[in-house]
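J.: This is the structure I have questions about; it appears just below.
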Amino acid sequence: MTAPLAHRNRVALLRAELKRRRLTGFFVPRADEFQGEYVAACAERLNWLTNFRGSAGLAILTLTKAAIFVDGRYVVQVRQQVDEKLFRPLHIVENPPATWIAMNLKQGDRLGFDPWLVTADQAARFSEACAAVGATFVPVASNPIDAIWHDQPARPMAAFATQPTQLAGRSAADKIKDIRKSLGGADAVVLTQPDSVSWLLNLRGFDVPHTPVAAAYAILPAKGKLMLFADRARLPEDVAAHLKKIAAVRPPGEIAAALKALGRKKCKVLIDGSWTPERIRAVLARAGARIVTAADPVSLPKARKNPVEREGARNAQRRDGVAMSRFLCWFEAEAPKGRLTELDVAGKLKDFRAASGEFRDLSFETIPASGPHAAIPHYHATPESSRKLGRNEIFLIDSGGQYPDGTTDITRTLIVGEPTAEMKDRFTRVLKGMIGLSVIRFPKGTTGSQLDVLARRALWMAGLDFDHGTGHGVGSYLSVHEGPARINKSDRTALEPGMILSNEPGYYKPGHYGIRIENLVMVHDARDITGGERPMLGFETLTLAPIDRRLIEAPLLSPEERGWLNDYHARVLKEIGGFLNGNELDWLRKACAAL
C-alpha cells in the first residue's frame, strides 16, 4: 500500500529529531511501560509512525533505512497497512532484529531506545547485537516520538476498582503472605506487570481497552508494607480503604527514589527481566542493589485459578455461550441475505453479550473476518476495510467478553451458503486437531510444547500448518492473553491444575479464506485410567457453543472424534438450552444434533 502523506512526514520529522539528538536511529516497539498487549492511545507510537495496527511488532528506523518486524500472525496484515517504501516488512523469527542490526549498523552508530518501553532482557540482547558491529544501544531521557507527536492523546487516569473476595476467592492479604514465602531470600520484588499487581491486590482498572488491570507498579518487600505507585486521585473511597491495611500508596514519580533506597541498603532485589523495563534495572544497578533475575513470582499463582475463580470461569462461559448461541442463530438467518458487513456482525454479537446484564467489556477487539480477510489471523476490521459477507464464503469470528467472574475467548468459523470440498477438508482437519488436544491425558510436568503437535497432526499429514501458537493462557477478569503457560512449539512451562488456556488450531489460505476453531480449556486432575500406573492431568472444556456442522467432512473423523463432537454438542444443548426459547431453542437443537 501507499501510506498517507502523514506517515511519510512523520518519518521525516523523526529522522530530523534523531539528527538533532545525534542518534543514528531509533528502536520503536509496540509497547508501553507495562509491556501489555493492549496499550492506551498515548502509547500507540508504532501505529502512529507506521500505520501498523497489530498488537505486537517493532520497527527500527535509521537516518536512511527502516524495517518493521512482525510475527506469523501479521505477515499479511503488515503489508496491507504499512508503506513498504518507508518500512521493509520482515518476519521477526526468520529475519530477527539482531540480524538486521548486524547488516545495517556500523562502527560508531548510536541506536536510541526508550528504556521504559524496552525490557531488561531486550536491552541486553540488542546492546550485544549493536556492540558486535561497534555500535551502541543508547537509552534516551525522553522519547523522540513524543517530541514530534503534537496531538498525542493524554495519559488515561481512570479510577481503580476492587475485585470482591467472593469473586477473587482469596483476600489480598493472604496472597501477599504466599508471595512473600516464594521470594527465595530476596529482600524485595519489583512487580511491573499490571495483571500481577491487580491479581495480588484484588484491584481492577480501566486504562487500556478490554483489559481491566490497574496500570501501576508495585514493590513488595520481604518485610513491611507493599508499596503501590499510583495517583491517589484514582482511588475512590472504597479502594483507598481496601488498600489501607495492605499497601502504602505513593505517587508514580517516586518509584525511582524507592528503587534507589533499595540500592543504598544493598538489598537483594528480584526482577523479571522479560517484563521489567530496562530503566528500572538500570536505576537499581546504579544504586548498588544486588539484582536477582527470576520469573515474576505472581505469574504462576495467578495462572493456577483457585476454586472460586474456576467456578467463576464456568459461569462466565455459560453466560457467554448463551450470547454466542443466540448470535449464531441470528447469523444463520441473516447472513445469506447479503446485507451484513463485518462490522455489522461484530456489533450484533456485542449486543447479545451486553444483554446478559453482567457484560463489562469485550476481552479484545472482535475479529469479524469474511472471505479473504479470514486468512489474516488477527485481521482488524475498520469502516474502510469492512466488507459485505459474500455468498459461499467462510466467515470467521474471534471474540470474547469480560465479566466480573471470568474472561472468555471463542472462535467459530461459519459458512455462508455452500462450502467447497477443500474448505470442508481443511475445516475438519482443524477440528481434528482441536479434538485431539481436548481429549489428551498427560502426566504432571508436561509442557504446552509437548502437546502442540496434537493440534497440528491432521494438518501436517496433509502438508499444512499454521503460523501461530495453538493456545495462550487466560486470566480471571484480567488479561485474555495471560502467561506463563502456553501451547506452542517452544513453551517450557509445565501445565498445572487450574490453568485456563485456549485451544485454537487454524488454517489460512492467503487471499481466499481462513479457518480457526477455539474453545477455552482448563487443566484438571483427570479421572483414573483403568490399569493406569500414574496420576494424569487433562483438560475440561469450558466454552459452550455449537461448531458449524455444515463445514465438517464426516468421513475424515474417527469414531472417537465423532463421539467427542456429539457429546460436546449434547452438553451445549443441556447447559445452554434452558436459557433459550422459541426459534432460538429450535435452532440450537438442530445445531447440536448428532453427526
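J.: Of the residues in region 457-483, how many are within 29 Å of Ala316 (Cβ to Cβ) and charged (D, E, K, R)?
T.: So the answer is 1.
J.: Return yes when Ala455 is surrounded by fewer than 22 Cβ atoms within 10 Å (Cβ to Cβ) and either under 29 Å from Gly54 (Cβ atoms) or not β-branched (Val, Ile, Thr) (or both) and no when it is not.
T.: So Ala455 does not fit the description; no.
J.: So, restricting to strands (runs of 3 or more DSSP E) that lie completely within region 80-162, which ones have at least 2 residues that are within 23 Å of the chain's Cα centre (by Cα) and surrounded by 14 or more Cβ atoms within 10 Å (Cβ to Cβ)?
T.: 88-91
J.: Can you find even one residue in region 483-496 that is of a type in the set (S, T, N, Q), part of a strand (DSSP E or B) and either touching a helix residue (DSSP H, G or I) at 6+ places or on another chain (Cβ under 9 Å) or within 14 Å of Val430 (Cβ to Cβ) (or both)?
T.: no
J.: Determine whether region 22-45 contains at least one residue that is within 26 Å of Pro139 (Cβ to Cβ), touching a Gly at 6+ places or on another chain (Cβ under 6 Å) and touching a residue at least 60 places away in the same chain (Cβ under 8 Å).
T.: Yes, region 22-45 contains a residue that is within 26 Å of Pro139 (Cβ to Cβ), touching a Gly at 6+ places or on another chain (Cβ under 6 Å) and touching a residue at least 60 places away in the same chain (Cβ under 8 Å).
J.: With buried (at least 24 other Cβ atoms within 10 Å of the Cβ) and out of contact with any Gly (no Cβ under 8 Å at 6 or more places or on another chain) as the only criterion, which of Leu501, Leu520 stands out?
T.: It is Leu520.
J.: Of everything in region 43-79, what is at pLDDT below 95, assigned to a loop (DSSP other than H, G, I, E, B) and basic (Lys, Arg)? Give them in sequence order.
T.: The one that is at pLDDT below 95, assigned to a loop (DSSP other than H, G, I, E, B) and basic (Lys, Arg): Arg53.
J.: Here is a further query. Could you please find all residues in region 60-77 being buried (at least 23 other Cβ atoms within 10 Å of the Cβ) and either out of contact with any Phe, Trp or Tyr (no Cβ under 6 Å at 6 or more places or on another chain) or within 21 Å of Ile515 (Cβ to Cβ) (or both)?
T.: Listed by number, the residues that qualify are Phe69, Val70, Tyr74.
J.: Then there is this: For Glu540, only one of the following conditions fails: (1) under 30 Å from Val197 (Cβ atoms); (2) open to solvent by less than 20 Å² (accessible area, probe 1.4 Å); (3) not in a loop (DSSP other than H, G, I, E, B). What is its number?
T.: (2)
So that you can scan it fast, the table gives a plain yes or no per residue for (1) over 27 Å from Ser356 (Cβ atoms); (2) part of a loop (DSSP other than H, G, I, E, B); (3) out of contact with any Ser or Thr (no Cβ under 8 Å at 6 or more places or on another chain); (4) at pLDDT 95 or above:
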residue: Arg534; (1), (2), (3), (4): yes, yes, yes, no
residue: Pro546; (1), (2), (3), (4): no, yes, no, yes
residue: Pro555; (1), (2), (3), (4): yes, no, yes, yes
residue: Glu560; (1), (2), (3), (4): yes, no, yes, yes
residue: Trp564; (1), (2), (3), (4): yes, no, no, yes
residue: Gly577; (1), (2), (3), (4): no, no, yes, yes
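J.: Please go through region 490-540 and pick out each residue that is polar (S, T, N, Q) and under 20 Å from Ser399 (Cα atoms).
T.: Across region 490-540, the qualifying residues are Ser502, Asn503, Asn519.
J.: Applying the selection to region 202-238, what residues are farther than 30 Å from Thr366 by Cβ, of a type outside the set (Ser, Thr, Tyr) and under 28 Å from the mean Cα position of the chain (by Cα)?
T.: Across region 202-238, the qualifying residues are Ala218, Ile219, Leu220, Leu226, Met227, Leu228, Phe229, Ala230, Asp231, Leu235.
J.: Separate question: Looking only at region 286-310, which residues are in a helix (DSSP H, G or I) and either of a type in the set (S, T, N, Q) or without any contact (Cβ under 8 Å) to a residue 60 or more places away in the chain (or both)? Steps first, answer last, please.
T.: Restricting attention to region 286-310, the residues satisfying the condition of being in a helix (DSSP H, G or I) are 286-287, 299-303, 307-310.
Within region 286-310, Arg286, Ala287, Ser299 meet the criteria.
J.: Return the total of residues in region 432-452 being of a type outside the set (Val, Ile, Thr), on the phi < 0 side of the Ramachandran plot and open to solvent by 40 Å² or more (accessible area, probe 1.4 Å).
T.: Qualifying residue count, region 432-452: 5.
J.: Look through Leu262, Leu328 and report the one residue that is open to solvent by less than 60 Å² (accessible area, probe 1.4 Å), of a type in the set (A, V, I, L, M, F, W, C) and within 18 Å of Phe229 (Cα to Cα).
T.: Leu262
J.: If a residue must be at negative phi, part of a loop (DSSP other than H, G, I, E, B), open to solvent by 30 Å² or more (accessible area, probe 1.4 Å) and at pLDDT 95 or above, how many such residues does region 1-23 contain?
T.: 1
J.: Which residue pairs have Cβ atoms closer than 6 Å, lie 6 or more positions apart in sequence or on different chains, and pair a first residue in region 233-255 that is more than 14 Å from Thr162 (Cβ to Cβ) and without any contact (Cβ under 8 Å) to a residue 24 or more places away in the chain with a second residue that is in a loop (DSSP other than H, G, I, E, B) and open to solvent by 40 Å² or more (accessible area, probe 1.4 Å)?
T.: Close Cβ pairs satisfying both conditions: Ala248/Lys225.
J.: Can you tell me which residue within region 333-349, out of those that are under 13 Å from Ser399 (Cβ atoms) and without any contact (Cβ under 8 Å) to a residue 40 or more places away in the chain, is nearest to the chain's Cα centre (by Cα)?
T.: The selected residue is Gly347.
J.: Could you identify the single residue in Arg326, Arg353, Arg339, Arg360 that is in contact with a Ser or Thr (Cβ under 9 Å, 6 or more places away or on another chain) and farther than 30 Å from Ala186 by Cα?
T.: Arg353
The values are calculated or read from the model by the stated rules, or taken from the named source; none is laboratory data. Remember, it's a predicted structure, so these values are computed and weren't measured experimentally. All Cβ positions, glycine included, derive from the backbone under ideal geometry; neighbour counts span all protein chains shown. Ligands, DNA and RNA are excluded from the accessible area calculation, which covers all protein heavy atoms including side chains. Shrake-Rupley method; radii C 1.70, N 1.55, O 1.52, S 1.80 Å.
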